[in-house]
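Working notes, structure below.
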């Protein structure tokens, strides 16, 4: 995210195939380069990120991706 700490969330349907290219707005399954250290994971409903970018329980029904997109 803009704060440089909080990881940005994406729906799997938005993630592209192949290697990511600089300047693309959406991530890809593969990295920007072959030895990248990013990975895919799942953030379960009810969990979000604290001020240090760590996963933490928020409350039942909480949606971090909706918060990030201004839908909540």
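Ordered by the number of other Cβ atoms lying within 10 Å of each residue's own Cβ, fewest first, 13, 51, 63 fall into the sequence 13, 51, 63. Which of rounded, prolate, oblate describes the chain, given a ≥ b ≥ c as roots of the alpha-carbon gyration tensor eigenvalues and a/c under 1.5 marking rounded, otherwise prolate only if a/b is larger than b/c? Judged from the Cα gyration tensor, the chain comes out prolate (a/c at least 1.5, a/b above b/c). Each peptide in 5-11, 40-46 was scored by the mean count of other Cβ atoms within 10 Å over its residues; highest first, the order is 5-11, 40-46. Each of 47, 26 has some number of other Cβ atoms within 10 Å of its Cβ, and from fewest to most they run 26, 47. When shorter helices are ignored and each DSSP H run of at least 4 residues is given -39500 (n - 2.57), the per-residue value for the chain at 222 nm works out to -1500 deg cm²/dmol.
Between the beta carbons of residue 22 and residue 65, assuming R0 = 30 Å, the FRET efficiency works out to 0.80 to the nearest 0.05.
Bear in mind that the values in this text are calculations on the coordinates, not laboratory data. Remember, it's a predicted structure, so these values are computed and weren't measured experimentally. A quick note on method: Cβ atoms are made from the backbone with ideal geometry, for glycine too, and the neighbour counts reach across all protein chains shown.
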